[in-house]
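A quick write-up on the structure given underneath.
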Ligand SMILES: [Zn+2]
Ligand SMILES: [Zn+2]
């Protein structure tokens, strides 16, 4: 499936299906999206490629390692590669093709904004589980790649 930023200069492709996702309620994701939480998934780097406009992506990284990549023209959040693993973070809102992934994990539930009052379904973590445990939930047991 294909994703793109708001202005269309940045385009990318995720191969395979996206059927599980997570919501992160941490204060950084809240700032990044200026919203209650981020809706995203994580795929193997081999399943991701830029189609167009990669050179127009601004890469911002906090000292903690938290990354935000965005289109330099329109500011839309675009995927970013995890620093320490061959994995790519995919923000669901950028995907063009209609996808209907199930949100199976909530991260940083203890950091929710007071106005983020939706009922949380799926596995709810007060903070963040280990990466292996997290990937197993997103990709269905064992964290194996296709
Ligand atoms: Zn753009
Ligand atoms: Zn977060």
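The values are calculated or read from the model by the stated rules, or taken from the named source; none is laboratory data. Bear in mind the structure is a predicted one, so any value in this text is a computation, not a measurement. Here the Cβ positions follow ideal geometry from the backbone for every residue, glycine too, while neighbour counts run over all protein chains shown.
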Checklist entry - Which ones in the stretch 95-120 are surrounded by 20 or more Cβ atoms within 10 Å (Cβ to Cβ) and part of a loop (DSSP other than H, G, I, E, B)? => result 108
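For the stretch 75-94, name all the residues that are more than 11 Å from the chain's Cα centre (by Cα) and either more than 17 Å from residue 9 (Cβ to Cβ) or not in a loop (DSSP other than H, G, I, E, B) (or both). Talk me through it step by step, then tell me what you get.
We begin by selecting, within the stretch 75-94, every residue more than 11 Å from the chain's Cα centre (by Cα); these are 75-76, 83-86.
Selection gives 83, 84, 85, 86.
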Item to check | All positions within the stretch 1-13 that are within 16 Å of residue 89 (Cα to Cα), surrounded by fewer than 22 Cβ atoms within 10 Å (Cβ to Cβ) and touching a residue at least 60 places away in the same chain (Cβ under 8 Å) | outcome: 1, 2, 4
Checklist entry - Are any residues in the stretch 21-48 within 16 Å of ligand 1 (Cβ to nearest atom) and touching a helix residue (DSSP H, G or I) at 6+ places or on another chain (Cβ under 9 Å), and if so, which ones? => result 33
Checklist outcome for this item: Within the stretch 62-107, the count of residues that are within 25 Å of residue 118 (Cβ to Cβ), without any contact (Cβ under 8 Å) to a residue 40 or more places away in the chain and in contact with a strand residue (DSSP E or B) (Cβ under 8 Å, 6 or more places away or on another chain) comes to 1
Next on the checklist: Only one of 46, 36 is out of contact with any strand residue (DSSP E or B) (no Cβ under 6 Å at 6 or more places or on another chain) and more than 16 Å from ligand 2 (Cβ to nearest atom). Can you tell me which?
Outcome noted: 46
Checklist entry - What number of residues within the stretch 11-33 satisfy the criterion of being away from ligand 2 (no atom under 16 Å from the Cβ) and more than 12 Å from residue 96 (Cα to Cα)? => result 6
Checklist entry - Looking at (1) within 16 Å of ligand 1 (Cβ to nearest atom); (2) within 14 Å of the chain's Cα centre (by Cα); (3) at pLDDT 95 or above, which is the only condition residue 51 fails? => result (2)
Next on the checklist: What's the total number of residues in the stretch 1-11 that are at pLDDT 95 or above and in a loop (DSSP other than H, G, I, E, B)?
Outcome noted: 6
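Filter the stretch 1-20 down to residues that are closer than 17 Å to residue 105 by Cα and touching a helix residue (DSSP H, G or I) at 6+ places or on another chain (Cβ under 6 Å), then give me how many there are. Before the answer, list the steps.
First pass over the stretch 1-20, keeping only residues closer than 17 Å to residue 105 by Cα: 18-20.
Keeping just the survivors that are touching a helix residue (DSSP H, G or I) at 6+ places or on another chain (Cβ under 6 Å) gives 20.
Total satisfying the criteria: 1.
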Item to check | All strands (runs of 3 or more DSSP E) inside the stretch 12-71 with 1 or more residues being closer than 28 Å to residue 120 by Cα | outcome: 20-24, 38-44, 67-71
Next on the checklist: Scan the stretch 20-39 and tell me whether some residue there is surrounded by fewer than 17 Cβ atoms within 10 Å (Cβ to Cβ) and farther than 27 Å from residue 119 by Cβ.
Outcome noted: no
Checklist entry - Given the conditions (1) within 18 Å of residue 6 (Cα to Cα); (2) loosely packed, with under 13 Cβ neighbours inside 10 Å; (3) at pLDDT below 95, which single one is not true for residue 84? => result (1)
